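To keep things clear, I will list the structure first and then write my remarks on it.
Read-outs throughout are calculated quantities, based only on the coordinates presented, and are distinct from any laboratory measurement. The model shown is predicted, which means the values in this text are computed figures rather than measured ones. Cβ sites come from the backbone with ideal geometry, for glycine too, and all protein chains shown count toward neighbours.
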Amino acid sequence: MNKIKLNPNNLNLRQLCYYYPCHQGIPDSEYDCRTCYCPFYQECSRLELTALGGYWHYYRDRSGVQRRVWACERCTILHHRSVFLRVQRWRQRGYTEEKILRILSRYMNKKGRA
């Protein structure tokens, strides 16, 4: 089986990806797949940032024990090319993951997209 190589320019990735489109409502011209598998998953779930679209999904495992997992399929913000590029600049400036997520949450709250 050939593995798909993620490329830094986001070229042709969508045509190769089985899951595309993984999020709805993003114009093709703005869709950016470089954050497939979100780098902020752990921090976002720790902070429980529902403003970005995340939520706790509760389920029962095979033993019947109730468990939860942070679900983020409603979060699309990092798939917008302009946001991805901005986040890259913030990372280069040394912003922590928490600071970046708080900024993005404030932005989403202002836009009313949560």
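In this label model, residue 102 and residue 41 are separated by 2.5 nm, measuring between points 7 Å along each Cα→Cβ vector.
Output the Kirkwood hydrodynamic radius of segment 30-111, Cα pairs only, in Å rounded to one decimal. Kindly include the intermediate steps, with their values, before the conclusion.
Working: mean 1/r = 0.0731 Å⁻¹.
Result for segment 30-111, one decimal place: 13.7 Å.
The modelled label-to-label distance between residue 24 and residue 73, using points 7 Å beyond Cα along the C-beta direction, is 1.1 nm.
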